[in-house]
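**Q** Submitted below is the structure of interest, expressed as structure tokens.
The values are calculated or read from the model by the stated rules, or taken from the named source; none is laboratory data. None of these values were measured; they are calculated from a predicted model. When we count neighbours, we look across all protein chains shown, and the Cβ atoms used for this are built from the backbone with ideal geometry, even at glycine. Keep in mind that these areas ignore ligands, DNA and RNA; they rest on the heavy atoms of the full protein, side chains included. Shrake-Rupley method; radii C 1.70, N 1.55, O 1.52, S 1.80 Å.
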Amino acid sequence: SHRAAEGGDGIAARWDAARAERIAEASHRPFVPVSATKVAARTAPPPVTGGAGERAAGAGGGAGEGGGRDFGSLVHRILEWIPLDEPERAGPMAEALAPSFGLDPEAAPRAAEAARRALALPVMQRARAAARLWRELPVWLPQEGDLVEGVVDLVFEEDGALVVVDYKTDRIAPEQALAQAAHHAPQLQLYGRALAVATGVPVRDRLVLFTTLGQAVAHG
């Protein structure tokens, strides 16, 4: 028969062809990876800019805090690593970590104070009492042809539901907190949707924690 005439080499060739086809199928990515921040920006109201927010932050923050992303990354790192019930460790951690973020020594005390303000908030007290807690948790959510990717700063389980917390080091005045939280709300909604899909556990609260203010604002 034709099959017999092919012999072992023919079988091997068919196997190689099938293997190549499966590899090609596996490597096909039906979704395009995109950050949650970018997706959220499509529907988010504009951020608070200029005016009182910058003046208030400038008066209290100084050049180190005004460094922007690097300073914010330092505060995030402290809140990622610090034991939630040991706020006194924020100072030594900030001093040790500041150089790795390219920040001068003067930035460390401000970063430590921002972390301590965050840890003193009621939502962080709730997190300390949680049955389960995750920090810097990667999440993914397929949505309308995109694979939405993000990292949730803090998630904890409370009474059978999830609480999502996103740290922001925005330079705003207290009266601007609600408007700025509205700007960040679509990002937290994406995080909440991704977590609910992945875990099957409902999300009860989504909060924006402004470290410069020491204030957490629930939204959406």
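**Q** For region 80-99, which positions are over 21 Å from Arg128 (Cα atoms) and either of a type in the set (Asp, Glu) or at pLDDT below 95 (or both)?
**A** Within region 80-99, just Glu95 meets the criteria.
**Q** Ok, one more. Quick one: how many residues across region 134-162 are under 24 Å from Ala36 (Cα atoms) and more than 14 Å from the chain's Cα centre (by Cα)?
**A** Qualifying residue count for the region: 9.
**Q** Only one residue in Ala182, Ala161 is among the small types (Gly, Ala, Ser), farther than 20 Å from Pro47 by Cα and modelled with pLDDT of 95 or more. Which one?
**A** After applying the criteria, what remains is Ala161.
For every residue, the table says whether it meets (1) touching a helix residue (DSSP H, G or I) at 6+ places or on another chain (Cβ under 9 Å); (2) open to solvent by less than 60 Å² (accessible area, probe 1.4 Å); (3) within 18 Å of Glu86 (Cα to Cα).
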residue	(1), (2), (3)
Ala111	yes, yes, yes
Ala118	yes, yes, yes
Leu121	no, yes, yes
Arg126	no, no, yes
Ala130	no, yes, yes
Val155	yes, yes, no
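**Q** Here is a further query. Against the condition surrounded by fewer than 17 Cβ atoms within 10 Å (Cβ to Cβ) and in contact with a Gly (Cβ under 9 Å, 6 or more places away or on another chain), how does Asp104 come out, does it pass?
**A** In short, yes.
**Q** Test Asp170 against the criterion of being within 18 Å of Pro45 (Cβ to Cβ), part of a strand (DSSP E or B) and touching a residue at least 24 places away in the same chain (Cβ under 8 Å), and give yes or no.
**A** When the stated conditions are applied, Asp170 does not pass them.
**Q** May I pose another question? Would it be correct to say that Asp146 is open to solvent by less than 30 Å² (accessible area, probe 1.4 Å) and closer than 22 Å to Arg42 by Cα?
**A** Yes: the conditions hold for Asp146.
**Q** So which residues in region 106-122 are among the charged types (D, E, K, R) and more than 13 Å from Glu88 (Cβ to Cβ)?
**A** The answer is Glu106, Arg110, Arg117.
**Q** Quick one: how many residues across region 168-206 are open to solvent by less than 40 Å² (accessible area, probe 1.4 Å), over 19 Å from Thr37 (Cα atoms) and of a type outside the set (A, V, I, L, M)?
**A** 1
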